[in-house]
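*Asks:* Please see the structure below; I have some questions.
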Amino acid sequence: IADAFMNLGLKPHNWANVAINIQLDGSNADLAYCRLAFGLRSAVRIFQGVAELILRILRRRCAAIAHQIRFDMSYIDDSACVASTFKTASTWLRNWKTLMLDLGMPWQESKIVPPTRLIELLGIMVCSRTLTMYVHKSRVEKALQLMEAFEQRPRLTLKQTQSIMGHLNFIAQVVRFARLFLRGLALMIKAHNAAFRMRGQLASPNSTMA
């Protein structure tokens, strides 16, 4: 779905929550963003609810081929389907496009992947031919580059440690038991976070020491 959050409008009584006051031609003016803003904390949760509703409608329209659909999902602005035949997958995609037109939801044709046996789904490569999942080579190379660069340094900042942890944690999604080897790094980050929070509490003017 193109411009996902922009497709959802806010009711007028909510505009005050996303308004700013500026000087315009020598006087104050209020500007309100009347669409669902990307920066809102609840934006993802709200749009995910819409995505799940769209998926339920789509499932009703695909009732005739439901027995040949192995898996379907909608995650924010992405949708995907795993079907037993090429024809079923094509029918599902055609029904999805028709539903988007009926709802007035735009999409980008360049981002639509036709029925295939190898697809990148949420950053993970999924192959239905070999029934395997793996991380794209570019992500692995990026993680290796970070590890080689950090190994040469006598110390790392908390942000740098969290960065390498994020890359390795993503790769661990498709490597069995890989998160067991990340536990030491995760505990170290947790300890540093706790130390920073404690330091902030001690620096607070309202803090007391026994």
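The values are calculated or read from the model by the stated rules, or taken from the named source; none is laboratory data. Please read these numbers as outputs of a predicted model, since none were measured by experiment. Cβ sites come from the backbone with ideal geometry, for glycine too, and all protein chains shown count toward neighbours. Protein only, heavy atoms only, side chains kept; ligands, DNA and RNA dropped before computing areas. Shrake-Rupley method; radii C 1.70, N 1.55, O 1.52, S 1.80 Å.
*Asks:* Restrict the check to region 167-176 and report whether at least one residue is of a type in the set (G, A, S), surrounded by 10 or more Cβ atoms within 10 Å (Cβ to Cβ) and modelled with pLDDT of 80 or more.
*Replies:* Yes, region 167-176 has at least one match.
*Asks:* Here's a check for you: in region 28-61, which residue that is assigned to a loop (DSSP other than H, G, I, E, B) and among the aromatic types (F, W, Y) is surrounded by the fewest Cβ atoms within 10 Å (Cβ to Cβ)?
*Replies:* Applying the filter and picking the extreme gives F38.
*Asks:* From S84, S74, S27, which residue is out of contact with any strand residue (DSSP E or B) (no Cβ under 7 Å at 6 or more places or on another chain) and over 22 Å from Q108 (Cα atoms)? Working first, answer last.
*Replies:* Details: S84 fails: out of contact with any strand residue (DSSP E or B) (no Cβ under 7 Å at 6 or more places or on another chain); S74 fails: over 22 Å from Q108 (Cα atoms).
So the residue among S84, S74, S27 that is out of contact with any strand residue (DSSP E or B) (no Cβ under 7 Å at 6 or more places or on another chain) and over 22 Å from Q108 (Cα atoms) is S27.
*Asks:* Quick check: is even one residue across region 108-129 out of contact with any Leu (no Cβ under 7 Å at 6 or more places or on another chain), in contact (Cβ under 8 Å) with a residue 60 or more places away in the chain, in a loop (DSSP other than H, G, I, E, B) and more than 30 Å from I164 (Cα to Cα)?
*Replies:* Scanning region 108-129, I find at least one residue that is out of contact with any Leu (no Cβ under 7 Å at 6 or more places or on another chain), in contact (Cβ under 8 Å) with a residue 60 or more places away in the chain, in a loop (DSSP other than H, G, I, E, B) and more than 30 Å from I164 (Cα to Cα), so the answer is yes.
*Asks:* Which pairs turn up if I take residues in region 144-157 that are over 15 Å from L168 (Cα atoms) and look for partners that are open to solvent by less than 100 Å² (accessible area, probe 1.4 Å) with beta carbon separation below 7 Å, at least 6 apart in sequence or on another chain?
*Replies:* So the pair list comes out as L156/F150.
*Asks:* Which one of S128, S84, S90 is open to solvent by less than 50 Å² (accessible area, probe 1.4 Å) and either modelled with pLDDT of 85 or more or polar (S, T, N, Q) (or both)?
*Replies:* S90
*Asks:* Open to solvent by 60 Å² or more (accessible area, probe 1.4 Å) and of a type in the set (G, A, S): does that describe A16?
*Replies:* Answer is yes for this residue.
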